[in-house]
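Worksheet: one structure, shown below.
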Amino acid sequence: MCSLWRGSLLTLTSSLNRRVFQCCRQFGRSYNIASCMPEAVAFQGVSDHSGLYKFSVNESDRFWGAVARQRLSWISPFHTVQNCDFSQGKIKWFEGGKLNVSVNCLDRHVHTCPERVALIWERDEPGTEVKITYRQLLELTCRLGNLLKRQGVRRGDCVTIYMPPCPLAVASMLACARIGAAHNVVFAGFSSEALADRIRDAQSSTVITVNQGVRGGKVVDLKRTVDQAVQNCPSVQQVLVAMRTENTVAMTDRDVPLEEEMMKEDVVCEPVAMDSEDVLFLLYTSGSTGKPKGLVHTQAGYLLYTSLTHRYVFNYHDGDVFGCVADIGWITGHSYIVYGALCNGGTTVLFESTPVYPNPGRYWEMVERLEINQFYGAPTAIRLLLKYGDEWVQNYNRSSLKTLGSVGEPINTEAWEWYHRVVGDGRCPVVDTWWQTETGGICIAPRPADPEAEIVPGMAMRPFYGIKPALLDTEVVTGDALCISQAWPGMARTIHNHHQRFTETYFQPYPGFFFTGDGAHRSKEGYYQIVGRLDDVINVSGHRLGTAELEDVVVCTIKSHQIKCIYIALRCSAQQLREMVSRSIAKYACPDFIQVVRCLPKTRSGKIMRRVLRKVVERNTDELGDLSTLDDPDSVHEVIRGHRRLRGDGKQQ
Ligand code: WTA
C-alpha cells in the first residue's frame with residue numbers, strides 16, 4: 001500500500017513540476033519550490049532554489065533526514081541523521097536504519113509498475129537492443145542472489161565483477177546488494193595484472209565475468225584475462241561465467257556456467273536487512289602514488305545521494321529514458337546508470353559500444369532509436385565527435401533530448417558550445433557535472449537552480465544541496481584548492497584496509513575540510529570553475545601550472561587528425577604558453593617548447609596519466625608507479641625517449 005501511494009505521489013509531483021516550470025517561464029521567478037521537491041513543504045521560509053540550498057547546508061540534519069525518510073524505503077528507521085568527524089575521517093549517516101538497496105531499486109517499482117523498462121541494453125551491434133523490465137530484472141537478481149548463496153557467498157564477502165555493461169552485470173551488482181555482499185566492479189578493459197591487484201586487495205573468493213566481450217566490432221577474450229589474473233589470486237574459489245557470445249571457452253573446475261546454474265534457482269530471494277553503514281561496494285581508483293585505492297561506499301547515504309542528484313541535476317522525470325554512455329566499471333556507471341536511476345524507477349541505457357562504431361553517428365542514431373531524454377557523456381568523446389563535423393549529428397532526430405550532461409574532465413568552451421548548439425539544437429541545458437569516485441555523486445553542476453537561471457559554458461557552477469565548497473590557499477598559480485567543508489551522505493567512507501591513507505589523503509591537507517585534490521576558481525557571481533588536478537601540477541620555468549590549462553592549450557591547437565596527442569616539454573613560461581594559444585601551434589612549434597609524439601600515456605578510460613608525465617619531466621623514471629591501467633604501456637617509453645631527445649641528456653637516464 002505504502003509503495004503504491006508513493007508511486008502515485010511521484011507521478012503527481014512530476015506532472016505538477018512540468019506545469020510549474022511552464023508557469024515560471026511565463027510569470028518570472030515566483031514559483032512554489034515545494035512542488036519541485038515535495039520535502040521542501042516542511043522547510044520553513046524556503047521559497048526558491050537559493051533558499052532551499054541554504055537550508056540544505058545550514059540545516060543539514062533536517063534536510064537530509066526529511067529527504068531520506070521520504071525517498072528511501074526503510075526496514076527500520078534511522079535514529080541519527082549524521083555522525084561525522086573529519087579529523088578522524090569518520091563519516092556515518094542514518095545510523096540505526098536498516099534497508100536493502102536492491103529492494104529500493106527493484107521491488108518497490110515492481111509493486112507499482114512491473115512492466116516498466118528498467119534497462120535498455122544497447123548492444124555493440126546497432127539496432128539489436130534488449131529491454132529488461134523491472135519484473136525481469138528483479139527475477140534475474142533473485143536467481144543470481146540465490147546462486148551466489150549456493151556458491152558460498154555470505155554477507156560481508158566481496159564479489160569481483162569483471163563484465164562489460166550488460167543486464168547480468170547490473171543484476172550481479174544488485175544480487176550482491178540483496179544478499180549483503182559487497183561488489184568490486186573492475187572495468188573490463190583493465191589488464192589481468194590490474195584485475196589481479198584488485199581481486200587480491202578486495203580478497204574476493206568469487207569473480208563474475210563473461211566468456212567474451214564485444215566492443216566496436218571486436219571480440220575480447222575477457223574470460224582468458226580472468227584466467228590469467230586468478231593464477232595469482234589464491235583467494236578465488238570460483239568464477240561464474242556468463243555467455244555474451246556463442247563461442248565456447250575453456251572451463252576449469254573452478255568455473256561455473258552462470259546462465260545454466262541460475263536457471264536452476266528460485267525467483268524469490270529474501271533481501272537481507274542491511275545497516276545504513278554496511279559496505280555496498282568497493283571501487284578502485286588510481287591515486288597519485290600509483291597504488292590504486294579501494295574506495296568504500298555504503299548503503300543508505302550513497303543510494304540517497306545518487307538518486308537525489310539523478311533526479312535534480314538531470315531533471316529526470318518518470319517515464320524518461322536516461323542515456324549515460326559511461327562504462328559500469330566507473331563511478332559514473334555505478335551512480336547514474338545503476339543506483340541513482342534504478343532507485344528513481346528510471347529507464348536506463350547500458351551502452352556496450354564506442355562513440356564511433358560503426359560510425360561517428362552512433363550516439364545520435366541511438367538517441368533517435370531509443371528516444372533518449374537525458375544524454376550523459378564525457379568531454380573526450382564530444383571533442384572527438386566534433387572533429388567529424390555536424391552532419392553525423394544532424395542526420396538523426398534528437399527532439400527527445402531534454403538535458404545534456406558532461407563529466408570526467410573540464411569541458412573546453414568549443415566542445416561545450418558544439419554540444420549545446422549542434423547536439424542539443426540550442427534548446428537543452430548542458431550540465432557540466434563535477435564530482436569524483438570519492439564524492440559518490442555529483443557535487444557541483446549548473447542544475448538544480450531556479451528555472452531559467454543562466455548556465456555559463458564550461459563551468460560546473462553551482463554546488464548541489466548539502467554541498468558547501470571552500471577554496472583554500474595553494475601554491476599553485478592557476479587555482480585554489482577545492483575543498484568541501486561539511487559531510488554529505490554520498491561521500492566515500494574509507495579506503496579498503498587503509499583508513500590511515502584515507503585520512504592522510506583527504507582530511508589532513510586542510511584540517512576540518514575534505515580535500516578533493518582539484519583546483520578551482522570562484523567567479524564574482526559565486527560560480528565554481530574546476531581547473532584540474534592539483535596533485536599533478538607541472539612546473540613550468542618556476543611557475544606551477546594546473547593541468548587543465550595545459551590541456552586547453554593542446555585542445556585549442558590540435559588541427560591535424562593525424563596528431564593524436566601532444567607532449568608538452570615544459571620549458572616555457574606562462575606568458576609563452578598564452579602566446580601559444582593565441583598563435584597557431586604550427587607557427588610556434590619550436591622543438592624547444594613542444595614535441596609531438598605518437599601518444600600521451602592514457603588510461604583505458606581516456607584520462608591522461610599526469611603523474612607519469614610529471615615523473616618523466618622531473619626525471620624520476622624509476623618511480624613511475626603502477627602502469628597496469630595504461631591503454632598503451634609503450635607510450636610511456638615514447639614519452640621518455642622524446643623527453644630525453646629534447647633535453648639532450650639521453651645518456652644520463
Ligand atoms: C575530474 C569521475 C572538471 C576531476 C566522476 C576529478 C572534472 C576527477 C569534472 C574524478 C568536471 C570530473 N570538470 N574536472 N566536470 N568531473 N573531473 O574519480 O579532476 O573518475 O577529481 O570520477 O575527474 O575522476 P573520477
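With the requirement that a residue be in contact (Cβ under 8 Å) with a residue 12 or more places away in the chain and either open to solvent by 20 Å² or more (accessible area, probe 1.4 Å) or among the basic types (Lys, Arg) (or both), what does region 470-496 give you? It would help to see each step written out before you state the result.
Quick first cut of region 470-496, residues in contact (Cβ under 8 Å) with a residue 12 or more places away in the chain only: 470-472, 474-496.
Once the filter is applied, which keeps residues that are in contact (Cβ under 8 Å) with a residue 12 or more places away in the chain and either open to solvent by 20 Å² or more (accessible area, probe 1.4 Å) or among the basic types (Lys, Arg) (or both), region 470-496 yields 471, 472, 474, 475, 477, 480, 485, 486, 493, 494, 496.
Are there any pairs, at least 6 apart or on different chains, whose C-beta atoms fall under 6 Å, with the first in region 427-446 and on the phi > 0 side of the Ramachandran plot and in a loop (DSSP other than H, G, I, E, B) and the second among the aromatic types (Phe, Trp, Tyr) and more than 8 Å from the ligand (Cβ to nearest atom), and if so, which?
Close Cβ pairs (under 6 Å, with a partner that is among the aromatic types (Phe, Trp, Tyr) and more than 8 Å from the ligand (Cβ to nearest atom)) amount to 440/302; 440/305.
Condition (residue is buried (at least 19 other Cβ atoms within 10 Å of the Cβ), in contact (Cβ under 8 Å) with a residue 24 or more places away in the chain and under 30 Å from residue 92 (Cα atoms)) applied to region 239-252: is it met by at least one residue? Break it down into steps so the answer makes sense when it comes.
Quick first cut of region 239-252, residues buried (at least 19 other Cβ atoms within 10 Å of the Cβ) only: 239-242, 244.
Next, only the ones that are in contact (Cβ under 8 Å) with a residue 24 or more places away in the chain stay: 239-242, 244.
From what's left, under 30 Å from residue 92 (Cα atoms): none.
Looking through region 239-252, none of the residues is buried (at least 19 other Cβ atoms within 10 Å of the Cβ), in contact (Cβ under 8 Å) with a residue 24 or more places away in the chain and under 30 Å from residue 92 (Cα atoms).
Specify which of the listed residues (170, 241) is in contact with a helix residue (DSSP H, G or I) (Cβ under 7 Å, 6 or more places away or on another chain) and either more than 26 Å from residue 493 (Cβ to Cβ) or at pLDDT below 95 (or both). Explain how you work it out, then say what you get.
Working: 170 fails: either more than 26 Å from residue 493 (Cβ to Cβ) or at pLDDT below 95 (or both).
Residue meeting the stated conditions: 241.
Here is a yes/no grid of residues against (1) of a type in the set (Asp, Glu); (2) surrounded by fewer than 18 Cβ atoms within 10 Å (Cβ to Cβ); (3) assigned to a helix (DSSP H, G or I):
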| site | (1), (2), (3) |
| --- | --- |
| 261 | yes, yes, yes |
| 264 | no, yes, no |
| 271 | no, no, no |
| 294 | no, no, no |
| 301 | no, no, yes |
| 309 | no, no, yes |
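Restricting to region 460-482, what's the tally of residues that are under 20 Å from the mean Cα position of the chain (by Cα) and either more than 9 Å from the ligand (Cβ to nearest atom) or β-branched (Val, Ile, Thr) (or both)?
Taking region 460-482 as the starting set, the residues that turn out to be under 20 Å from the mean Cα position of the chain (by Cα) are 460-467, 469, 482.
Next, from what is left, pick out any that are either more than 9 Å from the ligand (Cβ to nearest atom) or β-branched (Val, Ile, Thr) (or both): 461-467, 469.
Result for region 460-482: 8.
What helices (runs of 4 or more DSSP H), lying completely within region 35-125, carry at least 3 residues that are in contact with a Gly (Cβ under 7 Å, 6 or more places away or on another chain)? It would help to see each step written out before you state the result.
Numbers: elements: 49-58, 60-71, 108-112.
Output list reads 49-58, 60-71.
Mind listing whichever residues of region 414-448 are more than 9 Å from the ligand (Cβ to nearest atom), open to solvent by 20 Å² or more (accessible area, probe 1.4 Å) and under 18 Å from residue 341 (Cβ atoms)?
Matches in region 414-448: 447 only.
Taking only region 399-413 into account, find how many residues are within 15 Å of the ligand (Cβ to nearest atom), touching a Cys at 6+ places or on another chain (Cβ under 8 Å), open to solvent by 10 Å² or more (accessible area, probe 1.4 Å) and not polar (S, T, N, Q).
Counting residues in region 399-413 that are within 15 Å of the ligand (Cβ to nearest atom), touching a Cys at 6+ places or on another chain (Cβ under 8 Å), open to solvent by 10 Å² or more (accessible area, probe 1.4 Å) and not polar (S, T, N, Q) gives 0.
Checking residue 381 against (1) surrounded by fewer than 22 Cβ atoms within 10 Å (Cβ to Cβ); (2) away from the ligand (no atom under 16 Å from the Cβ); (3) in contact (Cβ under 8 Å) with a residue 40 or more places away in the chain, which test does it fail?
(2)
From the list 161, 199, 132, pick out the single residue that is under 27 Å from residue 375 (Cβ atoms), buried (at least 24 other Cβ atoms within 10 Å of the Cβ) and free of Cβ contacts under 8 Å to residues at least 60 places away in the same chain. Explain how you work it out, then say what you get.
Working: 199 fails: under 27 Å from residue 375 (Cβ atoms); 132 fails: buried (at least 24 other Cβ atoms within 10 Å of the Cβ).
Exactly one residue qualifies, and that residue is 161.
The values are calculated or read from the model by the stated rules, or taken from the named source; none is laboratory data. Computed from a prediction, not measured in an experiment: that's the story for all the values here. Note that each Cβ is placed from the backbone with ideal geometry, even for glycine, and that neighbours are counted across all protein chains shown. Side chains included, ligands, DNA and RNA excluded: accessible areas come from the protein's heavy atoms. Shrake-Rupley method; radii C 1.70, N 1.55, O 1.52, S 1.80 Å.
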